[in-house]
Structure formats: structure tokens, C-alpha cells
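For reference, the structure is listed below as C-alpha cells.
Values quoted throughout were computed directly from the atomic coordinates according to the rules given, and no laboratory measurement underlies them. Predicted, not measured: the structure shown is a model, and the values here were computed from it. All Cβ positions, even for glycine, are placed from backbone atoms using ideal geometry, and neighbour counts span all protein chains on display.
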Amino acid sequence: MQLFDVYPLMDITPVSAKGCYVTDDKGDEYLDLYGGHAVISIGHAHPHYNQRIKSQLDRIGFYSNSVINPLQTELAMKLGQLSGMEDYNLFLCNSGAEANENALKLASFSTGKGRVLAFSKAFHGRTSAAVGATDNENIRADINKTHNVAFLPLNDIDAVEKELKQGDVCAVIIEGIQGIGGVRVPDVSFLQNLEKLCHQYQSKLILDEIQSGYGRSGQFFAFQQAKIKPDIITVAKGMANGFPIGGVLISPDIKARHGMLGATFGGNYLACAAALAVLEVMESESLIENASQIGAFMLSELKKMEGIREVRGRGLMIGLEFDSKVDMLRKKLLKDEHIFTGVSSTNIIRLLPPLSLRKEQAIHFIQALGRLLAS
């Protein structure tokens, strides 16, 4: 049997990783400024993280959600404490797409409506309703196009109100910072007006913090800069540092009933142990503060560089937009400078390093990029 060939692959085979570095099968070390799609939040192979999972595996690794799992309660309490969302409830699943599926379902359950508003360049996942709310025709099959979704310009509040006035919208879903869409940050006033309009027209505001959450923006959630309280918040990527997990934070206004949502593997013992380890390390090592400080330094320095059309982002979620395609630049960063970076579209480099990135590592990247742009 062969692998189903859907991923364009870099010609690198990682065999080990530590902190902000990945080592390949030839023994070459690379600075990781992409974190496997923003997944590596506390650094590769953190000793506390590794030990938390190993010790849990020695006790019990899995049982279904038909029994009491105290780790789920512990995770909900810790997440509420660190994020400032103590009054919300937590549903645990396995991925970001699954989190958004459940968020959209909850919005429809609680409003009795079926239409969704999303935004241009949005990415919310590859499963049924999540990809239906994703602004990319190339990854939507005909079966996904049956979902009733309207895509609106980001930051256009008048367009949102025009749609909400029709009275059939169950949810407005928006990323705290657009990732695949090019690291585009919604205006604070736009998010504040979205909250007001969703309340006014009895629709649910869903904040997709799958990529921008968990400290990446320099706050626990990117939307917190706007001082709003969404009805539903989705999380996943940085939540367990590579162990598959997703979560839905649900306002107390939305009431649960048995059988409403479910997941076979969601909130299993190992996933909860991994997620708790991430929160413990984030707290003990002040990683959110580090993301804020190192991110501000990088943004400041990158904005001084010639050859970059625009620098966008917050914290350690940074987009560098160029006037031309960036494929050769990324290849040179990888092959010549041994630095992993990501991409959005064809002309935007995306930086999503571990939140533990140190200043000297940031300087190393900035100097390497400067050399390549100069040449």
C-alpha cells in the first residue's frame, strides 16, 4: 500500500527535536519558526511534558467518556484560570476542525437557525461544516457546498448587519487572527461591534482561536485585546504541543443536554495529561509574556527591513508579505540557513515558532533573512 499523495513534502526527514530546534536524519539542526502549523507551543520534547505523558501512560491511557475522568475537570479548571474564562464550560474533542464542527452545531441548536456568516480568506478546517465556512473553493467538494454560508469582507460591519437583519443566521464565525488568510488581524472595533450585533439579532459569535489562541498573540486569546466575550471559543493547535486534542469553550448561556455532543477519543487520559502539561509550562515559564515581548521585538525589527511589502501580526504570529512569490526565499531559508518557516498563499511567509523562542534565536532569523534579501 502507498500513501495517498495529498501533501507537498519538503526533502527533510526529522528524527529528533528539542526546544526550538529540529534535527534530521543527516544530523543537521534547524531552527523551527513554524512549530508544525503553530502546534508546538512550549517547545519540542519539553521534559515536564514528556514526563506527564509517560507517567499517565503507566497508569491508564484510555477509556471512553462513559466514566468519570478527573483529568478532564482538572484541565477545564486550569484552562479557565489561565485564560480568564472561568465561567465558560469545556467540551473536549480531537482537532480544530472537530471543534469548529461542534461550535457551529451548538450555535444552530441554541438559536434554531441554520445560516452562517464567515469572512473572506477564512480557514476553519477541512471537515463538513468547517470547510463549508472556509473561503477556499479548491478544498470544498460539492457535498460541502450544501451548507448555507455567506462570506463577507473582513472588518465590514455594515455588510454583517445587512445579513444579520434577515433573521436566519445562527452564527458568525471569525478567527482571532487569520492564519491561512495571511496573518490578518481583525480591527478591535469590528470585533466589539460583532459582539453587539450578534446579541441584538440573536446569533452566536464564534471565535476560532485554533491558531491564534493559547498565548500565541501575547494574550491567552487574540480576541481579548477587544475585551469581548464570545458565545463560543474553539481551540486546538497549541493546546497539547502535538498530542491530538481540541476544545470548545461554551458560554454559560448555552445549556447542555445529554447526547447533544460526543467524541470517542475526546478528552482521553493521555490528551488531558498533555494539555495540562502545556498549561503548567506556560504558567511556570511565563510563555505568554515571552511571546508578547519577543514578538514585539521581531515585529519592530522586521518592519525596518527593506524588501518586505508589509509586516503583520501580534506576538509570535507574524506574516511577511512580499511583492513576489516566496517559494525560493523559503527554500533558501531552509537549505542555506537551516530555518523552518511557513507560508500563506504564494507571497506571504508565516512565522509560528514555539512560545519559548529566545531573543538570540529571533535575531538569528532576522539576520539570516536580511542576508538573503540583500543578495
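Inter-label distance, residue 25 to residue 159: 4.7 nm, where each label sits 7 Å from its Cα along the C-beta direction.
Highest average first, the peptides 3-16, 280-293, 326-339 ordered by how many other beta carbon atoms sit within 10 Å of their residues are 280-293, 326-339, 3-16. Going by a ≥ b ≥ c, the root eigenvalues of the Cα gyration tensor, does the stretch 112-193 fall in the rounded group (a/c under 1.5), the prolate group (a/b larger than b/c) or the oblate group? Oblate, because a/c is 1.5 or more while a/b does not exceed b/c. Cross-link pairs exceeding 30 Å in C-alpha to C-alpha distance, out of 54/237; 54/331; 121/237; 105/162; 237/331; 113/229, comprise 54/331. Classify the chain from the C-alpha gyration tensor, please: rounded if a/c falls under 1.5, else prolate or oblate depending on whether a/b exceeds b/c. It comes out oblate by the Cα gyration axes. Scan the stretch 8-96 for GluC sites (Glu not before Pro) in coil per DSSP, keeping those whose Cβ has at most 11 other Cβ atoms within 10 Å, and list them by number. Answer by residue number: 86.
Among the trypsin sites (Lys or Arg not before Pro) found in the stretch 1-110, those both in a DSSP coil and sparsely packed, with 14 or fewer other Cβ atoms within 10 Å of their Cβ, are 26.
For residue 227, the lysines whose Cα falls under 16 Å of its own Cα, not counting residues fewer than eight places away in the same chain, are 196. Of all DSSP bridge pairs formed entirely within the chain, close to 65 percent run antiparallel. Suppose R0 equals 35 Å. What FRET efficiency, 1/(1 + (r/R0)^6) with r the Cβ-Cβ distance, do residue 192 and residue 284 give to the nearest 0.05? Approximately 0.60, to the nearest 0.05. Here's how it looks for residue 246: its modeled amide H is under 5 Å from those of 93, 94, 95, 267, which are all 5 or more places away or on a different chain.
When you filter the trypsin sites (Lys or Arg not before Pro) in the stretch 143-217 for DSSP loop state and at most 16 other Cβ atoms inside 10 Å of their Cβ, you are left with 165. Overall form of the stretch 226-303: oblate. Here a/c, set by the Cα gyration tensor axes a ≥ b ≥ c, is 1.5 or more, and a/b is not larger than b/c. Mean-square fluctuations from a GNM of the chain, with a 10 angstrom spring cutoff on Cα atoms, peak among 142, 187, 87 at 142. In this simple spin-label approximation, residue 146 and residue 50 carry label points 7 Å from Cα along the Cα→Cβ vector, and these lie 4.8 nm apart. Charging the Cβ of each Asp and Glu at -1 and of each Lys and Arg at +1, and nothing else, the dipole of the chain about its Cα centre rounds to 240 debye.
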